[in-house]
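Trainee: The structure under discussion is supplied below as structure tokens; questions concerning it will follow.
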Amino acid sequence: AGIDVELEAVDIAAVQGPALVDALGSAECVYVDGGNTFWLLQCVRQSGFGDVVAAAFKSDAGLLYVGRSAGSIVAGMSAR
């Protein structure tokens, strides 16, 4: 028995606004990889990703956010 999982990679440096909302659609989990923390933070802010994820996280359906390295740092209160 396997795990039934659909994956979609979304480049938040290239996808923004309503297109980002559509791309995340009905995701149950978002995985954000590592890299340069400040570049990722800039992309999160410019794309609107932070707002989209926060709204999905607070919704009744909930959202699982998984971050690795920079991906977990940008989910915190500060990147300092």
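Trainee: All other residues with a Cβ under 15 Å from the Cβ of Ile73 taken together, and with Lys, Arg as +1 and Asp, Glu as -1, what is their net charge?
Mentor: Surrounding charge for Ile73 is +2.
Trainee: Could I ask something else about it? So if we plug the beta-carbon distance of Glu6 and Leu41 into 1/(1 + (r/R0)^6) with R0 = 25 Å, what FRET efficiency do we get, rounded to 0.05?
Mentor: My answer for the efficiency is 0.35.
Trainee: Rounding to the nearest 20 debye, state how big the charge dipole of the chain is about its Cα centre with +1 on each Lys and Arg Cβ and -1 on each Asp and Glu Cβ.
Mentor: It works out to roughly 500 debye.
Trainee: Sort Glu28, Glu6 by accessible area with a 1.4 Å probe, largest first.
Mentor: Greatest to least solvent exposure: Glu6, Glu28.
Trainee: Continuing with this model, one more query. Contour minus end-to-end for Tyr31 and Ser72, with contour as 0.36 nm per residue of separation and end-to-end as the Cα-Cα distance?
Mentor: 13.8 nm
Trainee: Ignoring any ligand, DNA or RNA, what whole percent of the accessible area of the chain comes from carbon and sulfur when the probe is 1.4 angstrom?
Mentor: Answer for the chain is 54 percent, counting heavy atoms of protein chains only.
The values are calculated or read from the model by the stated rules, or taken from the named source; none is laboratory data. Please read these numbers as outputs of a predicted model, since none were measured by experiment. Glycine gets a Cβ as well: all are built from the backbone with ideal geometry, and neighbour counts include every protein chain shown. For the accessible areas, the whole protein counts, side chains as well, though only heavy atoms, and no ligand, DNA or RNA atoms are used. Shrake-Rupley method; radii C 1.70, N 1.55, O 1.52, S 1.80 Å.
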